[in-house]
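The values are calculated or read from the model by the stated rules, or taken from the named source; none is laboratory data. Given the structure is predicted, the values throughout are model-derived calculations rather than measurements. Cβ sites come from the backbone with ideal geometry, for glycine too, and all protein chains shown count toward neighbours.
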Amino acid sequence: MNWKKVIAVLVGAVLLFVTGYFVNGAVRGNVYNYDFTLKGESDNWEASFRVIGEERFYKRNGVNQYDSYATDELQLIFKGTDKELAAIKKIHYEYTSPAGSGSTTMEIDESLTDRVFTHSGGGNGAFVREDQIVEVTVEWDNQMEVFELVAED
């Protein structure tokens, strides 16, 4: 066995690892991960709003940089009876927050059997923070309820 080649390969591997570690650290910078759920309810509905996100602060060529990405999911659950659920013919729900909004409208031809309605989104830029309030409005047939989602204690 040629020990010089083995040592050269090991030294090269260590140098490659160390270089990758420092380059990745310089690009990666400070990373903050978020995973939280806001919750709330009204007389007929309960909802949760889950946010999973990441923010990165770093320098590139001596200039401060910022990147972020987050996904969110609003889960809305009807609390009424099966008979009331089956009678719903149209539902519109929306949420608003300091970081944006989303909405869904459904015309229903058949009787509903699923009590859970979901709206998902994601992207770069602003996203809901754990200390913020999300307002939810639900309209179905001739009824409407508005309530807030907040962080759990």
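Residue by residue through the stretch 89-115, note down the ones that are β-branched (V, I, T) and within 24 Å of D153 (Cα to Cα).
Matches in the stretch 89-115: T96 only.
Taking the stretch 68-90 as the search range and keeping residues that are within 19 Å of G40 (Cα to Cα), crowded, with 17+ Cβ neighbours inside 10 Å and in contact (Cβ under 8 Å) with a residue 40 or more places away in the chain, which one is farthest from the chain's Cα centre (by Cα)? Walk me through it before giving the result.
Within the stretch 68-90, the subset within 19 Å of G40 (Cα to Cα) is 72-80.
Cutting the leftovers down to crowded, with 17+ Cβ neighbours inside 10 Å gives us 72, 74, 76, 78.
Pick out the ones that are also in contact (Cβ under 8 Å) with a residue 40 or more places away in the chain and you get 72, 74, 76.
Values: D72: 3, L74: 9, L76: 15 Å.
Ranking the candidates gives L76 first.
Please go through the stretch 112-126 and pick out each residue that is closer than 28 Å to K79 by Cβ, surrounded by 12 or more Cβ atoms within 10 Å (Cβ to Cβ) and under 18 Å from the mean Cα position of the chain (by Cα).
Residues of the stretch 112-126 closer than 28 Å to K79 by Cβ: 112-122.
With surrounded by 12 or more Cβ atoms within 10 Å (Cβ to Cβ) added as a condition, the list becomes 112, 115, 117, 119, 121-122.
Matches in the stretch 112-126: F117, H119, G121, G122.
Considering only the stretch 127-153, state which residues are under 13 Å from V51 (Cα atoms), surrounded by 12 or more Cβ atoms within 10 Å (Cβ to Cβ) and among the charged types (D, E, K, R).
R129, E130
Do we find that E94 is at pLDDT 95 or above and surrounded by 11 or more Cβ atoms within 10 Å (Cβ to Cβ) in this structure?
On the way: at pLDDT 95 or above: yes; surrounded by 11 or more Cβ atoms within 10 Å (Cβ to Cβ): yes.
Considered against the rule, which asks whether it is at pLDDT 95 or above and surrounded by 11 or more Cβ atoms within 10 Å (Cβ to Cβ), E94 comes out as yes.
Please work out if A86 is in contact with a Leu (Cβ under 7 Å, 6 or more places away or on another chain), among the small types (G, A, S) and either at pLDDT below 95 or in a loop (DSSP other than H, G, I, E, B) (or both). First the steps, then the outcome.
Values: in contact with a Leu (Cβ under 7 Å, 6 or more places away or on another chain): yes; among the small types (G, A, S): yes; either at pLDDT below 95 or in a loop (DSSP other than H, G, I, E, B) (or both): yes.
Criteria met by A86.
Report, by residue number, each residue of the stretch 133-143 that is out of contact with any His (no Cβ under 9 Å at 6 or more places or on another chain) and modelled with pLDDT of 95 or more.
Step one: list which residues in the stretch 133-143 are out of contact with any His (no Cβ under 9 Å at 6 or more places or on another chain), which gives 133-136, 141-143.
I133, V134, E135, V136, Q143, listed by residue number.
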